[in-house]
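Chemist: Mind looking over this structure? Questions follow.
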Amino acid sequence: MKHLKNLHILIVLVLATTILSCKPSKDNPLNMSLPNIVLINVDDLGWKDLGFMGSQYYETPNLDVLAKEGMVFYNAYSGAANCAPSRACMLSGLNTPRHGVYTVSPSDRGNSKTRKLIPIENTDHLNDTIYTLPQMLKSAGYVTGSFGKWHVGNDPKEQGIDVNIGGSSKGNPGKDGYFSPYNIDNITNGPDGEYLTDRITTEAISFVEKYRDTSFFLYLPFYTVHTPIMGKEELIEKFKNKKGSDGQNRPDYAAMVSSMDENVGRLLSSLKANGLEKNTMVIFTSDNGGIRAISEQNPLRAGKGSYYEGGIRVPMVIKWPGKVKPNSSSMARVSNLDFYPTLQQIANPKKTAQVLDGIDLNSILETKTQKERDLFFHFPIYLQDYSKVQDQGSDPLFRTRPGSVIISGDWKLHEYFEDSRLELYDLKSDPGENNNLVNNYPEKTQELLEKLKAWRTKNNAPVPTIKNPEYDAIFEQEMMQKVDLKQERQIGNFESSTSGNL
């Protein structure tokens, strides 16, 4: 009997060993476990601020490699033109009318005498009732971590994040904030002079190493390259000796882009070192367009805060070994609203979001055809100018005046609520939105306008209608004339300074 008992024990041990030895590793492409998800969201990085997107000045070797390893989306859009609403769209999967975050408060920015309407009141953060992307992934069994700028609530841990470093309601690092001692919340100071972008990435790498044996969602919303523009001195000196190109020529900004790229490379290397690369989906993007006075995105018009292409078109790459073909690209018009439904389809959580405004991108990732859909943007608010001459907004006083936008195929229609002004552009032939075609294509204009109004009605999108009693048309014209004179002086000074070299 004792012999039989020992035999039974031996059989059990052999079976257990066999089962364990057959368990696929995370680096095995046949592993059917959920993929790890890394979402890198750079703050205020422009559409053309990267080597693989055409910049001749900025140097991004690590991201250029990532682009070759995955799929580049050349027509990717943020959900909104500045930080808080874009992040609210991405992390909720809902367009702005559903969550009410239209800007970084308040919504009545700029000189009151130049605003014709009382804007819709802004909501600062995502409401607690909204089921966020991290909460959905936690429902699917993911450990969630956020490293950097949160900005859609006071405490990321109340919105689905297990591990939070550096995230709160704050939207930028503060004065001199890129070097330790830091001004942001939920982070301990490093050695004096430690660079914030380095530190946040080090914390993210520690998260990878700690949770390498489970499925994790790593959200890396860098504070960089948001103002204040502060790079490492040695990199600034390097770019001082490099010639600028096509409106991109600031050494301090180039240094920030370079450090960001270096740290993306560090994180990707850690995934490889931990045997996780083959079972990790990496998404890289920016929260909105870049500030045009800092870095131009030619041929796109305008920049952050504007709903012209330079303010809402962003770089985007998705790498997913075994699922996404390397060195591939897509011209489909996609949005950061699409991340939530795409990841929900992959994660198959116990609790799903019932209403989402984006689409599942998995068919595009598998290089299958995707049914064309329209993109909508709603901004019933005012955003004052950054640089009156350089912004390229609809007028020199505001980057954004209240209105809505629809992109349908290659057509784009702007509607402005102050005066019912319409602008129609063919993005295929005119990505810079220079030629308003409203009078050339009245039928197309009306078709898109009806679509836009129907969308607003369906989504209960509020439109400002109350006139601002402080508005002063004469004062507004005087302000615009001052800008025109300033621009003429700048052009005159430029011609004078270059006349001997022409």
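Chemist: Determine the gain in length on full extension of the stretch Ser363-Glu233; use 0.36 nm per residue of separation and subtract their C-alpha separation, reporting nm with one decimal.
Modeler: Stretched fully, the Ser363-Glu233 segment lengthens by 42.3 nm.
Chemist: Let me ask another. For the chain, what proportion of DSSP beta bridges, expressed in % and rounded to the nearest 5, is antiparallel?
Modeler: 55 percent
Chemist: With r defined as the distance between the Cβ atoms of Glu121 and Ser33 and R0 fixed at 45 Å, what FRET efficiency is calculated, to the nearest 0.05?
Modeler: 0.50
Chemist: Starting from the Cα-Cα distance between Asn183 and Thr352, subtract it from 0.36 nm times their residue separation and give me the gain in nm to one decimal.
Modeler: Contour length minus Cα-Cα distance gives 57.2 nm.
Chemist: Let me ask something else. Would you please give the FRET efficiency between Ser245 and Val389, computed as 1/(1 + (r/R0)^6) with r the Cβ-Cβ distance and R0 = 25 Å, to the nearest 0.05?
Modeler: 0.75
Chemist: Mean residue ellipticity at 222 nm from the helices of the chain, using -39,500 (n - 2.57) per DSSP H segment of n ≥ 4 over the full residue count, to the nearest 500 deg cm²/dmol?
Modeler: The helix-only estimate for the chain comes to -9500 deg cm²/dmol at 222 nm.
Chemist: By average Cβ neighbour count within 10 Å, what is the ranking of 426-432, 380-386 from highest down?
Modeler: 380-386, 426-432
Chemist: Rounded to the nearest 0.05, what FRET efficiency do Gln345 and Lys113 have when you use their Cβ-Cβ distance and R0 = 56 Å?
Modeler: 0.65
Chemist: Taking a ≥ b ≥ c as the square roots of the Cα gyration tensor eigenvalues, with a/c under 1.5 meaning rounded and otherwise prolate when a/b beats b/c, else oblate, which class fits the stretch 97-208? The partial results should precede the final answer.
Modeler: Working: a/c = 3.67, a/b = 1.32, b/c = 2.79.
Oblate is the answer for the stretch 97-208, as a/c is 1.5 or above yet b/c matches or exceeds a/b.
Chemist: Follow-up question, since we're still on this one. Given that just one value was derived from the coordinates, which of [x] 70, 59, 50; [y] 105, 53, 39; [z] 99, 55, 53 is Cα extents along the principal axes in Å?
Modeler: This structure yields the entry labelled [y].
Chemist: Quick one: length gained pulling Asp374 to Gln477 fully straight, 0.36 nm per residue minus the C-alpha distance?
Modeler: The span from Asp374 to Gln477 would gain 33.5 nm if fully extended.
Chemist: Give Lys157/Lys319; Lys278/Lys325; Lys48/Lys428; Lys116/Lys170; Lys68/Lys428 a once-over and call out the pairs whose C-alpha atoms are over 22 Å from each other.
Modeler: Lys157/Lys319; Lys116/Lys170; Lys68/Lys428
Only the coordinates and a few stated rules stand behind these numbers; no lab work does. The model shown is predicted, which means the values in this text are computed figures rather than measured ones. Positions of Cβ are generated from backbone atoms using ideal geometry, with glycine treated the same way; all protein chains shown enter the neighbour counts.
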